[in-house]
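Colleague: Before I ask anything, let me first share the structure, which is written out below as structure tokens.
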Amino acid sequence: MGAGPFPGYAARPPGPVMDRDEADRALARLGAEHEAIETSLLALQDHAGRRLLEGADLTGVTKERWVSTEQSITLLWKYFDAYAGALAEARAVRARRRHPNRDDLVALTELLRGQGVTVAHAAGPPGPSVTGPAKLSERFTLEELVARMNDLYARSLDMVVASDSVWSALPARIDLLAAELHRTRSLAHSVGVRPGEHPAGDDLEAITRELTALRGQVISDPLAFWLSGPGSSAPGGGRPDTTRYDRAARALDDVRREIEAVLAVRQDAEQRLVHLRDVLSRADRTLTEARSARGEVLAKIAASEVPAVSGPATALQERLAAASEYRRNAQWHRLSPLLETLEREAEEELLRARESLTAVTAPLAVRAELRGRLDAYKAKVARHGMAEDPLLIERYDAARRMLWSAPCDLRVAAQAVLRYQETAAELLSQDRTSGPEDRR
């Protein structure tokens, strides 16, 4: 933990016997330092974080650090009293004469620069964690004493500021989240989402337990939720650790979205059920049409593989009836996931029915395409004045008999249409290469 000086502190190296001006400047500087240190100590004493720590039932690392910090604060005041006493003694020596003699200057030099400040630990030496190895008394120069106070003050303030920052940030946010949790739980109960009956209800209970435990731990051990800033020597350099709070907040957001989805189901359940019935009805009608078309294909088309057609989606109809029952009984938490599944499966069922109809009627589509191609070529040769060609008439009649008879062999009919096309193409080619006289 970095140590920062009291405001107003500026180091002065020791030197030979001071003259009057040096002594006066040193006394003025030390007096300013005395006021700055006193102001800082009083501010630390009145700090809201220190008062909270003093009255809190602490645990964990915060309890350990606060024991050490209390010793440091007590020792700070003892050091400050010794510093104030040495400063008062130096001021008394200087006040003897307007123009101090050499003895006065030697005494001032020793007081201001020598190790003339003794701090006794009558009630027991400070613990090693505060000032190092335990000692019954310590001797300091005034500058050494200020440096020691700087270190103790910075560490004490760092601990107080860090604890106060966590207490200022996390409990209030936890309380706001707990209020939001209460509102979400009320909404959940209104749509039947309860622990043991719905996963979201179990999640709400888990979030409640986590927030309760988190708040208690933050209050009793705030330093366990403090992340020191890297490279920062300023007291309180860092930020509160909100990892657990953020995780609970995200979990509550997920549950809230799920509850809102259930509420949306309550509002538009009837409309969605009507749409589901319509989709399943269309799927049934398409399958009925496919079955009828399959019979027609089997009667009219020979040597063709016609796929079987499945029956109606009775399982989906049964689940649709269960969904309607959930709506009548206001079991919205059960209806919500069932509706989502049914909507997806009903659309898939309609798609399968349409694909089945397409597959069954494919031979009829092939026959219709062959009929259209045959008539198109007949019209083409007629425009070129070759409709009465005997070979074309013969091959057209052969292809037409195959395409308009039942059952129709599509493979043989396709070959007949192809022969007619080739003959027509050959005659048309001869017609384009012959001149006008030849045509007459």
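Colleague: Please specify each residue of segment 22-69 satisfying the condition of being aliphatic (A, V, I, L, M), surrounded by fewer than 17 Cβ atoms within 10 Å (Cβ to Cβ) and more than 48 Å from the chain's Cα centre (by Cα).
Modeller: Passing the criteria: Ala28, Ala32.
Colleague: For Arg96, which of the numbered conditions (1) open to solvent by 60 Å² or more (accessible area, probe 1.4 Å); (2) part of a helix (DSSP H, G or I); (3) of a type outside the set (Phe, Trp, Tyr) fails to hold?
Modeller: Arg96 satisfies every listed condition except (2).
Colleague: State whether the residues of segment 193-210 include one that is polar (S, T, N, Q), crowded, with 18+ Cβ neighbours inside 10 Å and assigned to a helix (DSSP H, G or I).
Modeller: No, that holds for no residue.
Colleague: Out of (1) touching an Asp or Glu at 6+ places or on another chain (Cβ under 8 Å); (2) modelled with pLDDT under 85; (3) loosely packed, with under 14 Cβ neighbours inside 10 Å, what's the single condition that is false for Gly8?
Modeller: The one condition Gly8 does not meet is (3).
Colleague: Which condition number in (1) open to solvent by 60 Å² or more (accessible area, probe 1.4 Å); (2) touching a Gly at 6+ places or on another chain (Cβ under 8 Å); (3) closer than 30 Å to Arg215 by Cα is the one that Glu110 fails?
Modeller: (3)
Colleague: Let me ask another. I'm told Leu142 meets every condition in (1) open to solvent by 30 Å² or more (accessible area, probe 1.4 Å); (2) farther than 27 Å from Leu227 by Cα; (3) more than 40 Å from the chain's Cα centre (by Cα) except one. Can you identify the failing condition by its number?
Modeller: Answer for Leu142: the failing condition is (1).
Colleague: Still on this structure: Within the set of pairs 6 or more residues apart or between chains, which connect a residue that is at negative phi inside segment 391-420 to a residue that is small (Gly, Ala, Ser) and surrounded by fewer than 20 Cβ atoms within 10 Å (Cβ to Cβ) with Cβ atoms less than 6 Å apart?
Modeller: Pro407/Ala302; Asp409/Ala302; Asp409/Ala303; Ala416/Ala398
Colleague: Here's another thing I want to ask about it. Test each condition in (1) modelled with pLDDT under 85; (2) surrounded by 12 or more Cβ atoms within 10 Å (Cβ to Cβ); (3) over 19 Å from Arg65 (Cβ atoms) for Ala147 and report the one that comes out false.
Modeller: Going through (1) modelled with pLDDT under 85; (2) surrounded by 12 or more Cβ atoms within 10 Å (Cβ to Cβ); (3) over 19 Å from Arg65 (Cβ atoms) one by one, Ala147 breaks only (1).
Colleague: Related question: Conditions: (1) open to solvent by 50 Å² or more (accessible area, probe 1.4 Å); (2) within 24 Å of Leu280 (Cα to Cα); (3) aliphatic (A, V, I, L, M). Met402 meets all but one. Number of the miss?
Modeller: So the condition that Met402 fails would be (2).
Colleague: Here's a follow-up. For segment 358-392, which residues satisfy the criterion of being open to solvent by 60 Å² or more (accessible area, probe 1.4 Å) and farther than 17 Å from Ala413 by Cβ?
Modeller: Thr358, Lys380, Arg383, His384, Gly385, Glu388, Pro390, Leu391 - these are the residues of segment 358-392 that are open to solvent by 60 Å² or more (accessible area, probe 1.4 Å) and farther than 17 Å from Ala413 by Cβ.
Colleague: For the structure I just gave you, tell me whether Ala251 is part of a helix (DSSP H, G or I) and within 21 Å of Leu342 (Cβ to Cβ).
Modeller: It is false that Ala251 is part of a helix (DSSP H, G or I) and within 21 Å of Leu342 (Cβ to Cβ).
Colleague: Within the set of pairs 6 or more residues apart or between chains, which connect a residue that is assigned to a helix (DSSP H, G or I) inside segment 359-373 to a residue that is crowded, with 17+ Cβ neighbours inside 10 Å and of a type in the set (S, T, N, Q) with Cβ atoms less than 7 Å apart?
Modeller: Matching pairs, first to second residue: Pro363/Ser304.
The values are calculated or read from the model by the stated rules, or taken from the named source; none is laboratory data. Owing to the predicted nature of the structure, the values given are computational and were not obtained by experimental measurement. A quick note on method: Cβ atoms are made from the backbone with ideal geometry, for glycine too, and the neighbour counts reach across all protein chains shown. Accessible surface is based on the protein model in full, side chains and every heavy atom, while ligands, DNA and RNA are left aside. Shrake-Rupley method; radii C 1.70, N 1.55, O 1.52, S 1.80 Å.
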